[in-house]
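Note sheet for the following structure.
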């Protein structure tokens, strides 16, 4: 499924627009990674924004991770016309 979080018709980093060394990031990961994939909660990120020091999975990436989770939840609620409670039922918690 394509991303419901941002329009990425051109494969590039959702943060900086770089078009090489890209990684597919499941915004909701861990045990809910497959659900995130099914629901379109994925984006392309460059190495720096995905695994680099300030990236989602990097030492200083927690703030960016939370921002993207909040954006993903907002998009999910709107796209699927669901409630915050529905999101919690599907993913076990909410980020808003």
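Only the coordinates and a few stated rules stand behind these numbers; no lab work does. Just so you know, these numbers come straight off a predicted model, no measurement behind them. In this analysis, Cβ positions are derived from the backbone assuming ideal geometry, glycine residues included, and neighbour counts consider all displayed protein chains.
Of note:
- Selected residue [crowded, with 17+ Cβ neighbours inside 10 Å, touching a helix residue (DSSP H, G or I) at 6+ places or on another chain (Cβ under 6 Å) and under 19 Å from residue 12 (Cα atoms)] from 43, 56: 56
- Any hit, the range 73-83, residues being surrounded by fewer than 18 Cβ atoms within 10 Å (Cβ to Cβ) and touching a residue at least 60 places away in the same chain (Cβ under 8 Å): yes
- A count restricted to the range 63-89 and to residues that are part of a helix (DSSP H, G or I) and farther than 15 Å from residue 26 by Cα stands at 12.
- Per-region count, the range 48-72, residues in contact (Cβ under 8 Å) with a residue 12 or more places away in the chain and over 15 Å from the mean Cα position of the chain (by Cα): 1
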